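Worksheet: one structure, shown below.
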Protein chains: 2
Amino acid sequence: MIEINRELKISLYQQIYENIKRDIFTGRLCTGEKLTSKRRLAEQLGVSLITVENAYAQLIAEGYVRAAEKSGYFVQYNGEIIPLSRLSGNTCFDEAARNENDSHLKGGSRLGEKAAEKDESAAPTITESAECFPFTVWARLMRSVLLEKGTALLQPIPNGGAAELRSAVSDYLYRVRGFYVPSERIIIGSGTEYLYNLLIQLLGREHSYGTENPGYRKPIEIYRLNDVRSELIAMDDCGMDVKALEESGVSVAHISPAHHFPTGTVMPISRRREIITWAKSGRKERFIIEDDYDSEFRWSGRPLPAMFGMDDGGRVIYVNTFSQTIAPSVRISYMCLPEGLYERWQERMGFYSCSVPAFEQYTLARFISEGYFERHINRSKKRYRRIRELVLELMESFGDSVTVNEENAGLHFTIKTDNTEVREKCALCGITIRSIREYYGNDTTPADSEQVYVVNYSNASEKRLMSILN
Amino acid sequence: MIEINRELKISLYQQIYENIKRDIFTGRLCTGEKLTSKRRLAEQLGVSLITVENAYAQLIAEGYVRAAEKSGYFVQYNGEIIPLSRLSGNTCFDEAARNENDSHLKGGSRLGEKAAEKDESAAPTITESAECFPFTVWARLMRSVLLEKGTALLQPIPNGGAAELRSAVSDYLYRVRGFYVPSERIIIGSGTEYLYNLLIQLLGREHSYGTENPGYRKPIEIYRLNDVRSELIAMDDCGMDVKALEESGVSVAHISPAHHFPTGTVMPISRRREIITWAKSGRKERFIIEDDYDSEFRWSGRPLPAMFGMDDGGRVIYVNTFSQTIAPSVRISYMCLPEGLYERWQERMGFYSCSVPAFEQYTLARFISEGYFERHINRSKKRYRRIRELVLELMESFGDSVTVNEENAGLHFTIKTDNTEVREKCALCGITIRSIREYYGNDTTPADSEQVYVVNYSNASEKRLMSILN
């Protein structure tokens, strides 16, 4: 069943991984079925053993395959069977074709407001990054939506959002984040702030909400304004501390495993598993709100799988936004509901109209399904990869006076320093520096955080960095 | 100071009224200043005494002038002084010019979803009314916004909304609803549902919210989902019963004085005053949420002034929407905050991003400021005036078996009937009929409501009505 193509830029291990995952999703491989042994598959395909091992390891990490000692590898999947046509073909081949095709798009991309949104201190002006968004493509799609849809644009849309957009997001999540969610269970809303407000109503005010400490302030503010119980939960090096989570008595964990703000922690698979186990236990019903913040930016290896795809207990709600990856003035976010919650949504929240105008939804649907969104992200990645290297070089230029703590992900990292010159030089390049202490709740700031700063380079100027380094 | 123009289609009394109001707003006439006597003004202008009397009566009704027995009429205005340039010239002259100019716009208008929104039973399909929205104009404005704004569309906008739109709404409200609110105090949001949620957070969860019984269900659902205390307050023939309001102990009155759904009651000025007095008294702070639903449709005389403009105590929050007057798929609503609340908004809610995409806001701003919105409303009015007459004719055709209760306003009214044929014939014409009992809270349905029905003609087909009547 497995076809690999050596001419693609995509690694062989990833091609094998995606082929097997596709076969599991489409039901060609069923739960309990034994996979070809690693050695034999390596021989069949003419690849090295380590390549197959990497592919199997990824499938195990994502929970689609389990290893039984001495007897081999077995499929483990209780999700829905998805028709092949829904999976947009073989995703890695699609991606390769797309990468080769995108040379007609000029410039990089803009995700300038991403961290500016997370870090309210960042300048609100759009810098170089603004010029990189494929605005001409976006404008062309807007015009064609206007022309083709005509008065149909005035028609009411379903409460959860326009079918085209939900379907495009479902496909995108499958291709890029490696999980499948039926488009009906994707709810479109105008911003994550809006969705968090709805989630409080959906889950219920009797819940108590745990947020990361240190952490992003907006969810904390929203819980406070809604006057629901919320607790700050301590972080350790792997993310939210499970013991602290358990002891806090909260029943909803609001976390950002892909890349935590401000510490930069990427939550390892083992911790993700532990938190899912926490959510599945307990006498009261428990949930995880997974803010997939910054998952687009990982500087080495594949991004870790989203917790939504790892969860088989209907406990994880996945939240992400396009406002930050496209433009802050385009307010479109979405959440994926697990099966049980979707029914509750329909029953309790079905009367709410979708808060995003139909026109924007149709435009974004095309932007995604015609491949522009992923190209834009890929260009952004390339640009930020260069900027990141320059920023790290700048940090190195301060010698021993700066210690960098970086996890190969996202558009920010932390440093420890007592060198006052750092802030000055960073400001010249559009890099913001803030004390990590601003992100701790009252009276919880650790003593050793005194000289720790969050370095945010989402608005950095590549030109200025280059001139300062030369 | 007063100039009248007999060639305009606008009545002389309205011209006098608007001239004086303009002079009050701009500070030409100050509080305490005595107006020219009615008789003398009539002579000066060469109009009948009754014309001047009507103008003065309107100014008194709106609270800008008070009559002191035997000594004359005195200006009474403690609001802000507004520069003449902000008032868009003499509004009645503007309006006249606009009315004469709009013959190039084809078709009528569509407000089909207006009552469909209010009455969830109405068919979600857009009927004839959909074809009447000036979509070509809307599409042209979209294209020109896209062309002229370019990448500026990607820039973040202020949390309260785009300056252009807030300024256009401020001008519109002054022209059409007769009150002035500085554009900074207008908050743009994606739908009234969204705004009601924000208002709970702004006013505070310690408040208890009173809604009209019978009444529109959505606010009640929103208060319930937010788990704030709320009470159903009985209505009498003039609107929310003030005694019941006082006795209920609530501190926020959520009302729709312009045209109540489902009873059709238009709240008289005296009752509006009483409720404002209620809000200004009490030991705890009290507020009024004024849903200006259906204020666009008044079939005789001028619309009554909005409570927001009558209030001098910072107690009234004005809420209205364009989603219903333009299209349900365009989710743009707004609220006007009184002075004290605006500061609280900035402090508590300032971190929320505006939930409406910038593009839609710029398009709507032009649609309003270039006069298309009012033309659209005027065409809608003409069309619904014809439909209303046909619907009333249909009711008459049932003879004594149907008693109509109608207040010359809005797109619905109530009837009392035991004739089962009514529902059938109405359904044929796209008119929805529902028992008024569905809009009462549990155990509060009055016994005499058994045969009372709400007749909603927002989606009625003019053609079908004509063919059924002929």
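Here are the numbers for the structure shown:
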item	result
Test: residue in the range B:4-11 that is of a type in the set (D, E, K, R) and over 26 Å from B:Asn378 (Cα atoms)	no
Conditions (1) open to solvent by 10 Å² or more (accessible area, probe 1.4 Å); (2) touching a residue at least 12 places away in the same chain (Cβ under 8 Å): number failed by A:Arg143	(2)
Only one of B:Val391, B:Val404 that is surrounded by fewer than 21 Cβ atoms within 10 Å (Cβ to Cβ), aliphatic (A, V, I, L, M) and touching a Phe, Trp or Tyr at 6+ places or on another chain (Cβ under 9 Å)	B:Val404
Among the residues listed as A:Ile289, A:Ile332, A:Ile326, the single one being away from every other protein chain (no Cβ under 14 Å), open to solvent by less than 20 Å² (accessible area, probe 1.4 Å) and closer than 22 Å to A:Gly191 by Cα	A:Ile289
Selection count where residues are surrounded by fewer than 19 Cβ atoms within 10 Å (Cβ to Cβ) and either more than 9 Å from chain A (Cβ to nearest Cβ) or hydroxyl-bearing (Ser, Thr, Tyr) (or both), scope the range B:153-164	3
Of the criteria (1) under 30 Å from the mean Cα position of the chain (by Cα); (2) open to solvent by 30 Å² or more (accessible area, probe 1.4 Å), which one A:Ile415 fails	(2)
Selection from the range B:346-367 of residues that are surrounded by fewer than 21 Cβ atoms within 10 Å (Cβ to Cβ) and part of a helix (DSSP H, G or I)	B:Gln346, B:Glu347, B:Arg348, B:Met349
Hits in the range B:35-77 (condition: under 23 Å from the mean Cα position of the chain (by Cα) and of a type in the set (D, E, K, R))	B:Glu62
Any chance A:Gly430 is assigned to a loop (DSSP other than H, G, I, E, B) and closer than 27 Å to A:Pro268 by Cβ	no
Test: B:Phe373 is part of a strand (DSSP E or B) and under 20 Å from the mean Cα position of the chain (by Cα)	no
Contacts under 9 angstrom Cβ, first residue in the range B:61-73 being without any contact (Cβ under 8 Å) to a residue 24 or more places away in the chain, partner open to solvent by less than 30 Å² (accessible area, probe 1.4 Å), 6 or more apart	B:Arg66/B:Val75; B:Ala67/B:Tyr56
Scan of the range B:195-237 for residues that are open to solvent by less than 10 Å² (accessible area, probe 1.4 Å), free of Cβ contacts under 8 Å to residues at least 12 places away in the same chain and assigned to a loop (DSSP other than H, G, I, E, B), ordered by number	B:Gly204
Residue in the range A:209-225 that is under 24 Å from A:Glu343 (Cβ atoms) and away from chain B (no Cβ under 14 Å) present	yes
Selection within the range B:285-302 - at pLDDT below 90 and closer than 26 Å to B:Gly249 by Cβ	B:Tyr293
Checking A:Pro305 against (1) modelled with pLDDT under 95; (2) outside any loop (DSSP other than H, G, I, E, B), the condition it does not meet	(2)
Tally of residues being within 14 Å of another protein chain (Cβ to nearest Cβ) and out of contact with any Leu (no Cβ under 7 Å at 6 or more places or on another chain) across the range B:363-391	1
The range B:132-152, subset facing chain A (nearest Cβ under 7 Å) and closer than 20 Å to B:Lys382 by Cα, residue modelled with the highest pLDDT	B:Phe135
Flag for A:Ser281 being of a type in the set (S, T, N, Q), modelled with pLDDT under 95 and over 19 Å from the mean Cα position of the chain (by Cα)	yes
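Conditions (1) modelled with pLDDT under 90; (2) closer than 17 Å to B:Val176 by Cα; (3) surrounded by fewer than 17 Cβ atoms within 10 Å (Cβ to Cβ), marked per residue:
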site	(1), (2), (3)
B:Glu18	yes, yes, no
B:Arg22	yes, yes, no
B:Arg28	yes, no, yes
B:Gly32	yes, no, yes
B:Arg39	no, no, yes
B:Ala42	no, no, no
B:Tyr64	yes, yes, no
B:Phe74	no, no, yes
B:Asn78	yes, no, yes
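The values are calculated or read from the model by the stated rules, or taken from the named source; none is laboratory data. Just so we're clear, the structure is a prediction, and the values are computed from it rather than from any experiment. Because the Cβ atoms are built from the backbone with ideal geometry, glycine has one as well, and the counts that use them run over all protein chains shown. Quick note on the areas: whole protein, heavy atoms, side chains included, nothing else; ligands and nucleic acids left out. Shrake-Rupley method; radii C 1.70, N 1.55, O 1.52, S 1.80 Å.
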